Amino acid sequence: MRSSRYAVPLLFLALCLFGIWAAKITPAFLLGEMLVRLGRNSILVLSLLIPILAGLGLNFGIVIGAMAGQVAAILAVHWGFSGIGGFAFAMLLATPVGIVFGWLTGSLFNRAKGREMVTGLIAGFFANGIYQLFFLFAIGTIIPFDNPGMVLPQGFGLRNTVDLTPIQYAVDDLIRFRWNMEGTSLRVPIASYVVVGFFCWLTLFFFRTRMGQQFRAMGQDPHVAEIAGIPVERNRLLATILSTVLAAWGQLFFLQNIGTLNTYNSHEQVGMFAIAALLVSGATVSKATVGQAILGTLLFHTLFVVSPLAGKALAGDAQTGEYFRVFVAYAVITMALVLHAWQAVRRARAA
Amino acid sequence: MMDRVRAFVREAGVPRLLIGAFVVALFAVAVATKMNLPSLVTDSIVRVARNGILVLALLPAIQGGVGLNFGLPIGIICGLVGCVITLNFGVHGPVGLLLASALGAGLAIPSGIGYGWLLNRTRGQEMMVGTYLGFAFVSGMSIFWLVAPFTNPTLVWAIGGKGLRTTLALTGIFDRTLDRFLAFTVAGVTIPTGALLVFFGLCWLTAWFFRTQMGITIAAARSNPRFARAAGISDQRTRIQATVFSTVLGAIGIVVYSQSFGFVQLYTAPLLMAFPAIACILIGGATVTRATVTHVIIGTFLFQSILTVALPVTSQVIQGDISETARLIIQNGMILYALTRVGVGGER
């Protein structure tokens with residue numbers, strides 16, 4: 001079992017190296033991309049860890065958390081907040097929204113025990129419908145929203161993109177740092193790394209608290225945990241809320257780097273990419289560490305950058321590479337799910 | 001009286017009643033605003049015939065104990081490969097349609113066996129494994145469509161001469177062949193007889209199959225695996241049979257869908273096709289563990305009517321296209337409802 005722990009990340013590393021070699025990617029370009037992507041995606045990946053610890057599996061419902069973050073970003077920009085203060089305000093605003101969304105998702109998970117992952121996936125689709133209903137139809141009709149710059153020409157509904165320039169790079173450039181490498185100036189978002197580091201530490205710290213230990217016990221055997229007097233249902237709810245709020249913040253960090261919000265699409269792929277990133281590090285449905293979250297983010301996003309370029313170099317067009325990276329993301333998730341279920345079946349047979 | 005109402009509500013389920021009421025309300029608005037009712041009904045019936053078999057494909061999987069077959073795209077892809085091969089040879093008309101279905105079904109058998117084998121080893125997570133296996137298959141096949149050695153100039157991109165187009169028009173090949181077969185018009189409503197006959201025929205065939213020795217064995221192994229094992233029936237085997245049946249119907253379903261739609265859609269088009277089909281069968285009254293042909297027919301009719309009528313009707317009341325949003329909410333709300341109700345109220 002020990003050797004297979006490294007099989008997935010090593011295979012991925014080989015794939016990345018091959019792509020880098022095939023597309024003749026320069027170190028400066030790759031490093032620049034990685035420095036940015038590490039800062040902007042890590043927190044979303046970290047948000048997956050607590051539900052895994054508590055035995056809920058991969059939280060496909062972080063999409064709902066991302067929506068909470070977007071609600072906050074939209075409101076913060078609408079009310080004219082900007083800079084680091086505006087970003088802090090958005091985070092503050094995202095917290096109660098995330099708690100409510102997380103509570104709703106968690107209640108759903110408690111009613112669908114053993115099917116949390118598929119429930120989370122469908123709940124994400126469902127929430128997307130509600131989100132559209134809200135921002136495409138309720139804004140400007142039922143809910144007064146006077147901002148011609150953000151509303152569609154028809155007078156209601158938000159535009160497809162929301163300009164987040166007021167809060168762009170609010171955290172990334174809090175401590176301005178540029179690194180000159182081979183003539184290109186690379187943005188090094190030091191403050192973002194500090195925040196990511198803080199959240200890594202917070203997650204690790206949480207694992208060691210009394211509640212973290214309870215979560216671990218639940219993850220290992222919910223029935224034994226129940227008998228031992230751990231409030232399993234309540235803790236599952238808490239784990240989902242924590243994950244959702246963290247995902248809301250994670251999405252805000254993502255957006256402050258990107259600088260534009262695709263009102264109706266930005267959240268859709270969040271779950272898939274974060275989960276695939278976590279899994280390429282060798283993490284499983286029932287066990288994942290902070291180190292794996294960071295390693296996975298690095299590996300997955302290397303492939304993400306390299307794949308279209310390698311496709312262009314090898315097959316003549318970028319399209320092949322783009323399909324390939326989507327395929328890899330789905331295949332990695334499928335593999336992890338199959339292995340997890342396979343082991344569960346075997347354990348059930350052995351018992 | 002109250003008891004009987006309550007029993008009826010419990011039997012039908014609150015969401016189902018809401019959706020039924022919604023359909024009635026939509027048609028009522030259509031009548032009140034003097035819309036062209038016959039054309040709305042025609043569109044609804046066409047869409048029932050178009051999507052019906054894809055919904056029916058879910059039935060064997062539920063009856064075989066595999067649950068909701070979120071891996072339906074696997075069967076769909078097999079059918080698409082059948083279509084593309086047929087188109088590449090330039091076979092037209094009913095023969096082409098038959099050849100595409102036969103090729104698709106032929107490919108679906110080994111695919112279904114493999115898929116069923118995997119589902120047997122991942123019990124308890126069939127829905128999740130099916131979903132992502134389907135996703136992976138669709139995205140993997142996107143690369144196939146791009147590099148596959150198809151040469152017919154009507155299929156590949158004009159520039160470069162390589163890689164299949166995203167949509168292949170069926171005009172003059174087998175566009176609406178079934179829909180037009182024996183079609184007639186009553187009171188302004190056009191009935192796509194051929195497509196409906198095929199749909200109902202396959203429904204009848206499926207119902208009949210579950211009365212044969214093999215079908216009864218499959219259903220028995222689902223409802224009581226231990227008893228079945230004692231009787232010498234391996235539920236591993238019956239689950240694979242059910243999956244193969246479901247996958248084959250999925251392949252035939254997409255061929256019928258494509259001829260009615262007029263286009264073969266490749267690449268990411270099949271990615272999310274399982275979800276509306278699943279919503280249909282659930283709206284019809286099926287649960288994760290039990291489904292009948294009646295559920296398939298009623299569910300397809302209700303959900304497809306909503307999708308057809310919602311757009312023209314709501315655009316009279318409010319600006320903008322709310323039908324896609326409504327579809328997302330109804331479809332996924334229904335699936336969520338079913339997922340949270342397994343094991344509640346003696347549904348197992």
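Which numbered condition in (1) within 14 Å of another protein chain (Cβ to nearest Cβ); (2) more than 29 Å from B:L17 (Cβ to Cβ); (3) surrounded by fewer than 18 Cβ atoms within 10 Å (Cβ to Cβ) is the only one that B:G262 fails?
Result: B:G262 passes all but (1).
Per-residue answers, yes or no, for (1) more than 28 Å from B:M141 (Cα to Cα); (2) of a type outside the set (D, E, K, R):
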residue: A:I258; (1), (2): yes, yes
residue: A:V280; (1), (2): no, yes
residue: A:A283; (1), (2): no, yes
residue: A:G291; (1), (2): yes, yes
residue: A:L295; (1), (2): yes, yes
residue: A:D317; (1), (2): no, no
residue: A:R325; (1), (2): no, no
residue: A:L337; (1), (2): no, yes
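How many residues are crowded, with 17+ Cβ neighbours inside 10 Å and over 20 Å from the mean Cα position of the chain (by Cα) if we restrict to region A:114-128? Steps first, answer last, please.
Of all residues in region A:114-128, those crowded, with 17+ Cβ neighbours inside 10 Å come to A:115-128.
From what is left, the residues that are over 20 Å from the mean Cα position of the chain (by Cα) are A:115.
Matching residues across region A:114-128 total 1.
Just to be sure, is A:V118 within 8 Å of chain B (Cβ to nearest Cβ) and over 21 Å from A:F254 (Cα atoms)?
Details: within 8 Å of chain B (Cβ to nearest Cβ): yes; over 21 Å from A:F254 (Cα atoms): yes.
Yes: the conditions hold for A:V118.
Could you grab me the full set of residues in region B:148-207 that are of a type outside the set (A, V, I, L, M), exposed (fewer than 14 other Cβ atoms within 10 Å of the Cβ) and assigned to a loop (DSSP other than H, G, I, E, B)?
The first filter runs over region B:148-207 and keeps only residues of a type outside the set (A, V, I, L, M), leaving B:149-154, B:157, B:160-163, B:165-167, B:171-172, B:174-177, B:179-181, B:184-185, B:188, B:190, B:192-194, B:199-201, B:203-204, B:206.
Checking which are exposed (fewer than 14 other Cβ atoms within 10 Å of the Cβ) leaves us with B:149, B:151-154, B:157, B:160-161, B:171-172, B:184-185, B:188, B:201, B:204.
Passing the criteria: B:P149, B:T151, B:N152, B:P153, B:T154, B:W157, B:G160, B:G161, B:T171, B:G172, B:G188.
Search region A:141-151 for residues being in a loop (DSSP other than H, G, I, E, B) and surrounded by fewer than 17 Cβ atoms within 10 Å (Cβ to Cβ), and hand back the single one that is nearest to the other protein chains (Cβ to nearest Cβ).
Within region A:141-151, the subset in a loop (DSSP other than H, G, I, E, B) is A:141-142, A:144-150.
The next check asks that each one be surrounded by fewer than 17 Cβ atoms within 10 Å (Cβ to Cβ); those that pass are A:141-142, A:144, A:146-149.
Details: A:T141: 8, A:I142: 11, A:P144: 17, A:D146: 18, A:N147: 18, A:P148: 17, A:G149: 19 Å.
Going through the qualifying residues, I end up with A:T141.
Residue-by-condition table, conditions (1) in contact (Cβ under 8 Å) with a residue 24 or more places away in the chain; (2) more than 11 Å from chain B (Cβ to nearest Cβ); (3) crowded, with 17+ Cβ neighbours inside 10 Å:
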| position | (1), (2), (3) |
| --- | --- |
| A:A94 | yes, yes, yes |
| A:L133 | no, no, no |
| A:I139 | no, yes, yes |
| A:F156 | no, no, yes |
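Farther than 19 Å from A:S107 by Cβ, assigned to a helix (DSSP H, G or I), hydrophobic (A, V, I, L, M, F, W, C) and modelled with pLDDT of 90 or more: is that true of A:L242 in this structure? First the steps, then the outcome.
Values: farther than 19 Å from A:S107 by Cβ: no; assigned to a helix (DSSP H, G or I): yes; hydrophobic (A, V, I, L, M, F, W, C): yes; modelled with pLDDT of 90 or more: yes.
In short, no.
Would region A:251-271 turn up any residue that is within 17 Å of the chain's Cα centre (by Cα), more than 10 Å from chain B (Cβ to nearest Cβ), closer than 30 Å to A:P222 by Cα and in contact (Cβ under 8 Å) with a residue 24 or more places away in the chain?
The answer is yes, given that some residue of region A:251-271 is within 17 Å of the chain's Cα centre (by Cα), more than 10 Å from chain B (Cβ to nearest Cβ), closer than 30 Å to A:P222 by Cα and in contact (Cβ under 8 Å) with a residue 24 or more places away in the chain.
Considering only region A:158-197, how many residues are within 19 Å of A:F253 (Cα to Cα), polar (S, T, N, Q) and surrounded by 13 or more Cβ atoms within 10 Å (Cβ to Cβ)?
3
Test B:V48 against the stated conditions and say whether it is touching a residue at least 60 places away in the same chain (Cβ under 8 Å), assigned to a loop (DSSP other than H, G, I, E, B) and surrounded by 15 or more Cβ atoms within 10 Å (Cβ to Cβ).
no
Answer yes or no as to whether B:P73 is modelled with pLDDT of 90 or more, within 24 Å of B:G250 (Cα to Cα) and not small (G, A, S). Show your work before the answer.
Numbers: modelled with pLDDT of 90 or more: yes; within 24 Å of B:G250 (Cα to Cα): yes; not small (G, A, S): yes.
Answer is yes for this residue.
If we scan region B:312-329, do we find a residue that is buried (at least 24 other Cβ atoms within 10 Å of the Cβ), within 14 Å of chain A (Cβ to nearest Cβ) and not acidic (D, E)?
So in region B:312-329, the residues buried (at least 24 other Cβ atoms within 10 Å of the Cβ) come out as none.
There is no residue in region B:312-329 that is buried (at least 24 other Cβ atoms within 10 Å of the Cβ), within 14 Å of chain A (Cβ to nearest Cβ) and not acidic (D, E).
The values are calculated or read from the model by the stated rules, or taken from the named source; none is laboratory data. Note that this is a predicted model, so its numbers are computed, not measured. Don't worry about glycine lacking a Cβ; one is built from the backbone with ideal geometry, like all the others, and counts go over all protein chains shown.
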